[in-house]
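The values are calculated or read from the model by the stated rules, or taken from the named source; none is laboratory data. Just so you know, these numbers come straight off a predicted model, no measurement behind them. In this analysis, Cβ positions are derived from the backbone assuming ideal geometry, glycine residues included, and neighbour counts consider all displayed protein chains. All accessible areas refer to the heavy atoms of the entire protein, side chains included, with ligands and DNA or RNA removed. Shrake-Rupley method; radii C 1.70, N 1.55, O 1.52, S 1.80 Å.
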Amino acid sequence: MADIIEISRLALHDQVAARLRTMLVEGRIAPGAKLNERELCEQLRVSRTPLREAIKLLAAEGLVDLLPNRGAVAVKLTEADVLNTFEVLAMLEGQSGELAAQRITDAELAELRALHYEMLACHARRDLSGYYRLNALIHTGINAAARNPVLASTYRAINARVQSLRFRTNQDEAKWQHAVQEHEQMVAALQARDAAALRDVLVAHVLRKRDTVLALLRAGEIYPIAAAARKN
């Protein structure tokens, strides 16, 4: 019986973490905002124990900062953080693509193609949440196909901190359409097993995301309160 209870408890905190992760990525918990345990327990209908375990998991992923005397706070990056993080992320994604093009199996390629088509369907429906979820699975799948555990763990740690920022870059219609076109190029390069082409498109894709994020930051569209304070 003890083992069954433990499995159930672990499954619950994983479920809570998944829901919190979505709220953080989609900005329903604003960057820099404190995670109010009482409100979240009521909203998610869970006790504090699985909530706190979920928050610790998200802190390990880089989505939440645990600050002395403040508790858990949704990660909020400075302009320098964005520049440094995306610079490294572009290299990691490029390396993932180069290795994946050489090592991906037919079954993995078929799965990534299927995810791509599902993502296109979400784009057609203007389902940004569904689109982003599938988009992230594609990038993770390319990274996994590289078959390098050190690269995979490093990528997860770096990418987690900018997930909410990447989500926001597709809220502009023209930029969203351009991102879809780049994903078409990724799939084509994978099918051709063209390592150089996949590296190039992934690096360009990530750096374009960086430029969009920086523009949004400077316009005060990501942290509007901070931007307003600077003007006053």
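List of remarks:
- Hits in region 159-176 (condition: surrounded by fewer than 18 Cβ atoms within 10 Å (Cβ to Cβ) and either part of a helix (DSSP H, G or I) or not acidic (Asp, Glu) (or both)): GLN171, GLU173, ALA174, LYS175, TRP176
- Check on MET23, part of a helix (DSSP H, G or I), open to solvent by 50 Å² or more (accessible area, probe 1.4 Å) and at pLDDT 90 or above: no
- Selection within region 48-106 - aliphatic (A, V, I, L, M) and in contact with a Gly (Cβ under 7 Å, 6 or more places away or on another chain): VAL73, ALA74, VAL75
- Residue in region 66-88 that is over 20 Å from the mean Cα position of the chain (by Cα) and open to solvent by less than 70 Å² (accessible area, probe 1.4 Å) present: yes
- Residue check, GLU108 loosely packed, with under 15 Cβ neighbours inside 10 Å, assigned to a helix (DSSP H, G or I) and either among the acidic types (Asp, Glu) or in contact (Cβ under 8 Å) with a residue 60 or more places away in the chain (or both): no
- Residue match in region 113-123 (condition: in contact (Cβ under 8 Å) with a residue 12 or more places away in the chain, over 26 Å from ARG161 (Cβ atoms), open to solvent by less than 60 Å² (accessible area, probe 1.4 Å) and not aromatic (Phe, Trp, Tyr)): yes
- ARG147 fulfils the conditions (1) farther than 21 Å from VAL201 by Cβ; (2) assigned to a loop (DSSP other than H, G, I, E, B); (3) open to solvent by 30 Å² or more (accessible area, probe 1.4 Å) except for a single criterion, (1).
- Picking from residues in region 128-144 that are open to solvent by 20 Å² or more (accessible area, probe 1.4 Å) and among the hydroxyl-bearing types (Ser, Thr, Tyr), the one that is nearest to LEU202 (Cα to Cα) is THR140.
- Of all residues in region 44-65, those satisfying the criterion of being within 15 Å of ALA33 (Cα to Cα) and not aliphatic (A, V, I, L, M) are GLY62, ASP65.
- Total residues in region 177-229, condition outside any helix (DSSP H, G or I), buried (at least 16 other Cβ atoms within 10 Å of the Cβ) and modelled with pLDDT of 95 or more: 1
- Failed condition for LYS56, given (1) modelled with pLDDT of 90 or more; (2) more than 27 Å from TYR131 (Cβ to Cβ); (3) part of a helix (DSSP H, G or I); (4) over 18 Å from the mean Cα position of the chain (by Cα): (4)
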